[in-house]
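Colleague: I am attaching a structure below and will ask some questions about it afterwards.
The values are calculated or read from the model by the stated rules, or taken from the named source; none is laboratory data. Just so it is clear, the model here is predicted, and its values are computed rather than measured. Methodologically, a virtual Cβ is constructed for each residue, glycine included, from the backbone with ideal geometry; neighbour enumeration extends over all protein chains shown. The protein model used for the area step is the full one, side chains on, heavy atoms only, and it has no ligands, DNA or RNA in it. Shrake-Rupley method; radii C 1.70, N 1.55, O 1.52, S 1.80 Å.
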2 protein chains.
Amino acid sequence: MTLVVVGSIAFDAVRTPFGARERMLGGAATHFSLSASFFTDVRVVGPVGDDFGDDEYAVLHSRGVNTDDVEHVAGGQTFFWRAHYDNDMNTAHTEDTRLGVFGDFEPKLSEASRSADHLFLANIQPDVQRDVHRQCTGTRFAGLDSMNLWIDTARDSLVETIKGVDLVFLNDAEIRMLTGQPSMLVAAREIMAMGPSAIVAKQGEYGAALFTEDGFFALPAYPLEKVVDPTGAGDSFAGGFLGFLASQDDWQDEAALRRAMTYGTVTASFNVEELGTERVARLTREEIEERFEAIRGMTTLDAMPA
Amino acid sequence: MTLVVVGSIAFDAVRTPFGARERMLGGAATHFSLSASFFTDVRVVGPVGDDFGDDEYAVLHSRGVNTDDVEHVAGGQTFFWRAHYDNDMNTAHTEDTRLGVFGDFEPKLSEASRSADHLFLANIQPDVQRDVHRQCTGTRFAGLDSMNLWIDTARDSLVETIKGVDLVFLNDAEIRMLTGQPSMLVAAREIMAMGPSAIVAKQGEYGAALFTEDGFFALPAYPLEKVVDPTGAGDSFAGGFLGFLASQDDWQDEAALRRAMTYGTVTASFNVEELGTERVARLTREEIEERFEAIRGMTTLDAMPA
């Protein structure tokens, strides 16, 4: 089973109340890949510039992520993002964005990626997402993420893209913005009526909720003493979620989707414990399973906690 | 087992996107009493004016709530609150507050209330809460609610009151404001270190989280197509929670506390389905149990939904 992710690969400069880095590996596709790599084979598709080197590839390769479709644009610079977080870690304050080679990104998938079983369209312009999806010929499922910018400026295109995918990852505000519905239940049903069979509402520190045709499931975020850097939490969540789901025979099974929610919660919780990809880069499957069981204990109605 | 609640009894004028009432029974002690009444004997302590009549008493009596300690202040007017909600139902926009007899409320508990097993101090000035607690002689447990106003203007008194109680109900923002801690886990531990053995973080549409010495448990709000009137949801939650807990032999048992969280979630969800007390006033225990099981299905990691 292979999972292809198409999206940004970046250098991030991030400052939070608990630490700072002037330049570290980041980007939606990076965070997604690393978390998904614990459960399935991952291929990452995205553009990088001349500043992207062996150290960065090594992080991806150490987790077994296939980078054959990482496109090196000669003479270009990798997407760069500078931001800081204040005490309210729910809000990133962007100081600088340099799209670099990501600005002209026209994904061209190799045959190996086109024929992969599973696809995740990280947050990029929805026309581009649809173009990628058309290139893929045999996906069991495709998921997407998006953002308020595209709901604002390319809503019709985004809706077209959503019609073609199976799983949608958006935060609460984006789901309400897309549908104009105050009730998440009604809003999620409205998006499912476009085509997808599952909607995952990302809720930051409150965790995430899963809406399917017959089901509702919600998990809190794993409680941490310290969130060091929330950057990439949503992509890390989607990576753990879809990576696990790609490994399942019946991905539409409600129990499989609920376990996927839990694995996404686990990988996101590790992702935010340190800056950038630092924690997930040295994460182990044993640590993942341990936290999975802790979450089970924290959400079981009748049982004592672990 | 008896549960005494001390707090406001009010008339509310509320307008939401889904309905409006010019004058309906409200107040923290009212919402709490009605929800708690499904699980234990309830005595309500609070002041009312000449405008409070048989119709209002009938709502409380129909649920078996004992009103012997409702203090009728001759010549006074009952606490009145006028507010509206826009599409963001998380925020009440207050248009008018007339404290009336509640402004000079000095609770004097009858012997029956003083000797009750359980006490809930709804949101009132913390000196008054402490005075009430001192009047009670044999409580198994006492809980309290408070608000940002008292954290701002009477923090030391509130901390003194918290030191004496067993369960604290506050929303996330209040917990952070009280402790100055961004992490809810660290903040809850800091409040527990003052004395209480359980902290319930109310999270509005995201449900609630329970912190105990060894445990963490969280539940989403029950997903509704329409929230008609969120007024009183927090008090209705606390009522279902503490009412159930009062009926348990070992109220500190983690499983009992988790079931209390679930019953609180259930009563709050019914409370917001219609304006004011209208839905809870005709609620049945059977409906409560049905929704309890639905929530169990929605939060069980490995099982199919009901």
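Colleague: Counting heavy atoms of the protein chains only and a 1.4 Å probe, report the per residue accessible area for chain B as a whole number of Å².
Modeller: 38 Å²
Colleague: Sticking with this one: Can you pull out the trypsin sites (Lys or Arg not before Pro) in region B:93-125 whose DSSP state is coil and whose Cβ has at most 14 other Cβ atoms within 10 Å?
Modeller: Passing both the DSSP loop test and the Cβ count: B:K108.
Colleague: Rounded to whole Hz and in sequence order, give me ³J(HN,Hα) for region B:66-71 from the Karplus expression 6.51 cos²θ - 1.76 cosθ + 1.60, θ = phi - 60°, writing x for Gly and Pro.
Modeller: 3J(HN,Hα) across region B:66-71, in whole Hz: 7, 10, 4, 9, 6, 8.
Colleague: I'm a student and want to see the number: the projected area of the Cα convex hull of the protein assembly as shown, averaged over all directions, in nm². Please report the intermediate quantities before stating the final value.
Modeller: Numbers: hull surface 104.9 nm².
Its Cα hull, projected and averaged over all orientations, spans 26.2 nm².
Colleague: Given a cut-off of under 8 Å on Cα pairs at least six residues apart, what relative contact order in percent is computed for region A:202-306? Don't jump to the answer; show the numbers that get you there.
Modeller: Values: 137 pairs, mean separation 26.2, N = 105.
Relative contact order here is 25 percent.
Colleague: Skipping prolines and chain starts, which residues have an amide H placed within reach, meaning under 5 Å, of the one on A:D50, given they are 5 or more residues away or on another chain?
Modeller: A:G75, A:G76, A:Q77, A:T78
Colleague: Under the classification rounded if a/c is under 1.5, otherwise prolate if a/b is larger than b/c and oblate if not, where does chain A fall, given a ≥ b ≥ c as square roots of the Cα gyration tensor eigenvalues?
Modeller: Note, shape of chain A comes out rounded.
Colleague: Which of the chymotrypsin sites (Phe, Trp or Tyr not before Pro) found in region B:3-36 are loop residues per DSSP with 15 or fewer other Cβ atoms within 10 Å of their Cβ?
Modeller: Those that pass, being in a loop and sparsely packed, are B:F18.
Colleague: To one decimal place, what orientation-averaged projected area in nm² is obtained for the convex hull of the Cα set of region A:225-269?
Modeller: Reported value for the Cα convex hull: 3.1 nm².
Colleague: To continue, here is another question. Relative contact order (percent) for region A:1-151, with alpha-carbon contacts under 8 angstrom and 6 or more residues of separation? Present the calculation step by step, with values, prior to reporting the outcome.
Modeller: Values: 326 pairs, mean separation 38.4, N = 151.
Relative contact order for region A:1-151 comes out at 25 percent.
Colleague: Let me ask you something else. How much net charge surrounds A:V42 when only the other residues with a Cβ under 13 Å from the Cβ of A:V42 are counted, with Lys and Arg +1 and Asp and Glu -1?
Modeller: Net charge around A:V42: -3.
Colleague: Now, a different point. Can you compute the helix-only [θ] at 222 nm over chain A? Use -39500 (n - 2.57) per DSSP H run of at least 4 residues, normalise by all residues, nearest 500 deg cm²/dmol.
Modeller: My calculation for chain A gives -11000 deg cm²/dmol from helical runs alone.
Colleague: Further, regarding this structure: I need the shape label for region A:123-198. Rule: rounded when a/c is under 1.5, else prolate if a/b > b/c, else oblate, with a, b, c from the alpha carbon gyration tensor.
Modeller: Cα axes put region A:123-198 in the oblate bin.
Colleague: For A:V165, what is the net charge nearby, where nearby means another residue's Cβ is under 14 Å from its Cβ and Lys, Arg count +1, Asp, Glu -1?
Modeller: 0
Colleague: Label region B:234-306 by shape, choosing from rounded, prolate and oblate, from the square roots a ≥ b ≥ c of the eigenvalues of the Cα gyration tensor; if a/c is under 1.5 it is rounded, and otherwise prolate applies when a/b is larger than b/c, oblate when it is not.
Modeller: Verdict is oblate for region B:234-306.
Colleague: So, one more: Name the residue, out of B:A221, B:A208, B:A193, whose mean-square fluctuation peaks in a Gaussian network model built on chain B with Cα pairs under 10 Å.
Modeller: Taking springs between Cα atoms under 10 Å, the residue moving most is B:A193.
Colleague: Also, quick follow-up: Suppose R0 equals 51 Å. What FRET efficiency, 1/(1 + (r/R0)^6) with r the Cβ-Cβ distance, do B:D68 and A:L149 give to the nearest 0.05?
Modeller: 0.25
Colleague: Across peptide A:212-221, what mean number of C-beta atoms from other chains lies inside 10 Å of a residue's C-beta? Intermediate values should be presented prior to the final figure.
Modeller: Numbers: counts 1, 0, 3, 5, 9, 7, 9, 4, 11, 3.
What the average comes to for A:212-221 is 5.
Colleague: Next question, about the same structure. Name the residues whose placed amide hydrogens come within less than 5 Å of the amide hydrogen of A:G26, ignoring near sequence neighbours (fewer than 5 apart) on the same chain.
Modeller: A:A10, A:F11, A:D12
Colleague: Going by Cα centres, region B:255-299 and region A:162-213 are how many Å apart?
Modeller: 25 Å
Colleague: Within 9 Å, Cβ to Cβ, of B:D302, how many net charges do the neighbouring residues add up to if Lys/Arg are +1 and Asp/Glu are -1?
Modeller: Values: positive: A:R258, A:R259, A:R296; negative: none.
Once all neighbours under 9 Å are counted, the net charge is +3.
Colleague: Most fluctuating residue of A:N90, A:N271, A:N171 in a GNM of chain A with Cα springs under 10 Å: which is it?
Modeller: A:N90
Colleague: Okay, moving on. Filter the GluC sites (Glu not before Pro) in region A:216-306 down to the DSSP loop ones having no more than 13 other Cβ atoms within 10 Å, then list what survives.
Modeller: Loop-located and lightly packed - A:E225.
Colleague: Under 25 °C and 0.890 mPa s, how fast does region B:151-306 diffuse according to Stokes-Einstein, given a Kirkwood radius computed over C-alpha pairs? Answer in µm²/s, whole number.
Modeller: 151 µm²/s
Colleague: Starting from a label point 7 Å past Cα on the Cβ side, list the distances from B:N148 to the same position in the other copies, nm, shortest first.
Modeller: Nearest first, the other copies' label points are 1.9 nm away.
Colleague: Taking chain B as a Gaussian network, Cα atoms linked when under 10 Å apart, which of B:N66, B:N87, B:N123 shows the biggest mean-square fluctuation?
Modeller: B:N87
Colleague: Can you tell me what percent of all Cα-Cα pairs in region B:77-164 are more than 20 Å apart?
Modeller: Details: 1816 of 3828 pairs.
Of all Cα-Cα pairs in region B:77-164, 47 percent lie more than 20 Å apart.
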